[in-house]
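FYI, it's all coordinate maths here, none of it is from the lab. What you are looking at is a predicted structure, and each value in this text was computed from that prediction instead of being measured. No Cβ is skipped: glycine too gets one built from the backbone with ideal geometry, and neighbour counts run over all protein chains shown.
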Amino acid sequence: MYSEILRSTGNYTDDDVRLFERAIQVRKVDKHALLLRKGEVANSIYYLLNGSAYQYRPVEDAEHNIIDLHIENDWFLNYESLITQRPSEVCIEAFTDSDVLEISLEMVHYLTGKSTTFMQLNRVLEGAIARMQFFDQSMSPSQKYNSILSHRPRLVQTFPLKMISSYLKITPETLSRVRKQIANGDLS
């Protein structure tokens, strides 16, 4: 049943798929439920079967500092905490009621021990690194917004603009200006 999800990370045999299906857990997660709290050590990799979630750095007396946004068919994790096995500086929270596939780090190690083919799961980690590096400071606000419109347009349909602006590391006012420019045909 979950073979397509696994095969999105590489080439696996039917036996590999059966091992994977036994190693995963599917969870129903309520809106606002935390998958990871600040201070906990990340021990799982997740895949959104449906729903949405986000990662944020809690900020005192302010809105959350959004680190990443996740929608249906996204793999996600807290990369830094998972790799270092140190307490997380961020939270992962369900934005909507969601169904999440979860695979623990322990199970990833088990699967890799059973078949080196599971080393291909590293593509999930590589994707997390790429997203973290994506919004570097050299991109203009317009470039950042156009990039998510081109590559991940469902983010704009799923999350409020205030969260999108935090994710893009721009003010809501700047995002409004960029959106207005785009609506007026000024794509610079």
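Between Arg7 and Ile182, 0.36 nm times their residue separation minus their Cα-Cα distance comes to what?
So the extension gain works out to 59.3 nm.
Size of the dipole of the chain about the Cα centre, Lys and Arg at +1 and Asp and Glu at -1 on the beta carbon, nothing else charged, in debye to 20? Each step should come with its number before you reach the end.
On the way: 21 positive and 24 negative charges, 79 e Å.
With Lys and Arg at +1 and Asp and Glu at -1, about 380 debye.
Can you list the GluC sites (Glu not before Pro) in region 1-110 that are in a DSSP coil and have 10 or fewer other beta carbons within 10 angstrom?
Details: sites: Glu4, Glu21, Glu40, Glu60, Glu63, Glu72, Glu80, Glu89, Glu93, Glu102, Glu106; in loops: Glu40, Glu60, Glu63, Glu72, Glu89.
Those satisfying the criteria are Glu60.
By its C-alpha gyration tensor, with a ≥ b ≥ c as the square roots of the eigenvalues, how is the chain shaped: rounded for a/c under 1.5, else prolate for a/b larger than b/c, else oblate?
Prolate, because a/c is 1.5 or more and a/b exceeds b/c.
Going by how many other Cβ atoms sit within 10 Å of their own, how do Tyr2, Tyr12, Tyr47 line up, fewest first?
On the way: Tyr2 14, Tyr12 19, Tyr47 24.
Exposure proxy ranking, most exposed first: Tyr2, Tyr12, Tyr47.
Roughly what angle does helix 172-183 make with the longest principal axis of the chain, taking Cα atoms, 0 to 90 degrees, to the nearest 10?
80 degrees
Mind checking which of His32, Ile83, Val178 is farthest towards the positive end of the chain's charge dipole, using Cβ charges of +1 (Lys, Arg) and -1 (Asp, Glu) about the Cα centre?
Val178
In which sequence would Val90, Val17 go, from the one with the fewest C-beta neighbours within 10 Å to the one with the most? Present the calculation step by step, with values, prior to reporting the outcome.
Values: Val90 23, Val17 17.
The order, fewest Cβ neighbours first, is Val17, Val90.
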